[in-house]
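Trainee: What follows is a single structure, and I will ask about it in a moment.
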Amino acid sequence: LFTMANVGLPGTSGFIGEILTMVGGFQASTWAAAGAALGVIFSAVYMLTLYRRTVFGQITNPELNDIKDMNRIELVTIVPLALLTLLFGVAPNLIFNLTEGAAKSILSMMAGG
């Protein structure tokens, strides 16, 4: 899930970040945004290759053959993060409403006002 969010899969928090960055980039500079879009494509290829090798690849270190699946503590840690990744992907306003005031203040300072 986290790899897919990093790639920008719709419905995850990564998609919201990437789409807003691209929209803002195209408004500022088409060439810069095109370069950023190319970077997104290369990043997706890299992340999907990494995922394929780590999840479906062969274990080459014999010491790692006895690794077990996640235990309860690891699940208790990762499940809320996964749920938040999905929640912020389908309801990004939960974060935007919290950060809007600070963002406006920073933009105002940058504009000299």
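The values are calculated or read from the model by the stated rules, or taken from the named source; none is laboratory data. These numbers come from a predicted model, not from an experiment. Backbone-built Cβ (ideal geometry, glycine too); neighbour counts: all protein chains shown.
Trainee: Could you say which residue among ALA33, ALA5 is crowded, with 17+ Cβ neighbours inside 10 Å and within 12 Å of the chain's Cα centre (by Cα)?
Mentor: None of the other options fit; the residue is ALA5.
Trainee: Give me a count of the residues in the range 49-84 that are in contact with a helix residue (DSSP H, G or I) (Cβ under 8 Å, 6 or more places away or on another chain), at pLDDT below 95 and assigned to a helix (DSSP H, G or I).
Mentor: 2
Trainee: Scan (1) among the hydrophobic types (A, V, I, L, M, F, W, C); (2) more than 24 Å from ILE95 (Cα to Cα); (3) over 14 Å from the mean Cα position of the chain (by Cα) for the single condition VAL23 breaks and write down its number.
Mentor: (2)
Trainee: Taking the residues in the range 64-99 that are among the small types (Gly, Ala, Ser) and out of contact with any Ser or Thr (no Cβ under 8 Å at 6 or more places or on another chain) as candidates, determine which candidate is surrounded by the fewest Cβ atoms within 10 Å (Cβ to Cβ).
Mentor: Looking at the filtered set, the residue picked out is ALA91.
Trainee: Further question: Looking at the range 1-32 only, could you name the residues that are farther than 22 Å from LEU50 by Cα and polar (S, T, N, Q)?
Mentor: Those that are farther than 22 Å from LEU50 by Cα and polar (S, T, N, Q): THR21, GLN27, SER29, THR30.
Trainee: Could you tell me whether any residue of the range 28-37 is under 22 Å from ILE95 (Cβ atoms) and in a helix (DSSP H, G or I)?
Mentor: yes
Trainee: Under the condition of being in a helix (DSSP H, G or I) and polar (S, T, N, Q), which residue from the range 1-27 is nearest to LEU86 (Cα to Cα)?
Mentor: SER13
Trainee: For the range 90-99, enumerate the residues that are in contact (Cβ under 8 Å) with a residue 12 or more places away in the chain and assigned to a loop (DSSP other than H, G, I, E, B).
Mentor: PRO92
Trainee: I would also like to ask the following. Which numbered condition in (1) free of Cβ contacts under 8 Å to residues at least 60 places away in the same chain; (2) surrounded by 11 or more Cβ atoms within 10 Å (Cβ to Cβ); (3) part of a helix (DSSP H, G or I) is the only one that ALA102 fails?
Mentor: (2)
Trainee: Please state which one of THR54, THR77, THR49, THR85 is in contact (Cβ under 8 Å) with a residue 60 or more places away in the chain and among the polar types (S, T, N, Q).
Mentor: Just one listed residue meets the conditions, THR85.
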